Amino acid sequence: VQLQASGGGTVQAGGSLRLSCAASGRTYGMETMGWFRQAPGKGREFVAAITWGGTSTNVADSVKGRFTISRDNNRNTVFLQMNSLNPDDTAVYYCALDRGRNLLRGSPYGVDYWGKGTQVTVSS
């Protein structure tokens, strides 16, 4: 499985960005997809996850109410709509795909696949 993320960039505080992550290869239609982020000098932080059917989501408290996760299963793609961005959101954002329960729980351990990351920079 390959994960290709896009949509990162530089935006002013208060602005919006939409990240996309397309999965290709051997997917089975049961996988949870989601996002983590890593700021310079910090560990990898959970952002959001969504199950295959979209019936369950988990969003980190730090972004709740500002970020929305969704997916299009016809295109094997997950989206992260990020609104009201602030400089603390500056990080490399990583797409993830998990066939277990770790990603939905917000844990990076045991996640099956990772994308290469896309940079999000929010200027003040």
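The values are calculated or read from the model by the stated rules, or taken from the named source; none is laboratory data. Everything numeric in this text was worked out from a predicted model, so none of it was measured. Counting neighbours? That spans all protein chains shown, and the Cβs are built from the backbone with ideal geometry, glycine included. Accessible surface is based on the protein model in full, side chains and every heavy atom, while ligands, DNA and RNA are left aside. Shrake-Rupley method; radii C 1.70, N 1.55, O 1.52, S 1.80 Å.
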Answer with yes or no whether residue 110 is free of Cβ contacts under 8 Å to residues at least 40 places away in the same chain and either touching an Asp or Glu at 6+ places or on another chain (Cβ under 9 Å) or open to solvent by 40 Å² or more (accessible area, probe 1.4 Å) (or both).
yes
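Kindly state which strands (runs of 3 or more DSSP E) lie completely within the stretch 6-58 and contain at least 1 residues that are in contact with a Gly (Cβ under 6 Å, 6 or more places away or on another chain) and closer than 22 Å to residue 88 by Cβ. Steps first, answer last, please.
Working: elements: 9-12, 17-24, 32-38, 44-50.
Here the list reads 17-24, 44-50.
Yes or no, residue by residue, for (1) of a type in the set (A, V, I, L, M); (2) at pLDDT 95 or above:
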| position | (1), (2) |
| --- | --- |
| 26 | no, no |
| 32 | no, yes |
| 35 | no, yes |
| 45 | no, yes |
| 52 | no, no |
| 60 | yes, yes |
| 84 | no, yes |
Consider residue 100 carefully, then state whether it is within 20 Å of residue 124 (Cα to Cα) and out of contact with any helix residue (DSSP H, G or I) (no Cβ under 7 Å at 6 or more places or on another chain).
no
The condition from (1) open to solvent by 40 Å² or more (accessible area, probe 1.4 Å); (2) more than 20 Å from residue 1 (Cα to Cα) that residue 25 misses is numbered (2)
Would you mind finding the one in 102, 74, 58, 83 that is within 18 Å of residue 7 (Cβ to Cβ) and either open to solvent by 20 Å² or more (accessible area, probe 1.4 Å) or in contact (Cβ under 8 Å) with a residue 12 or more places away in the chain (or both)?
83
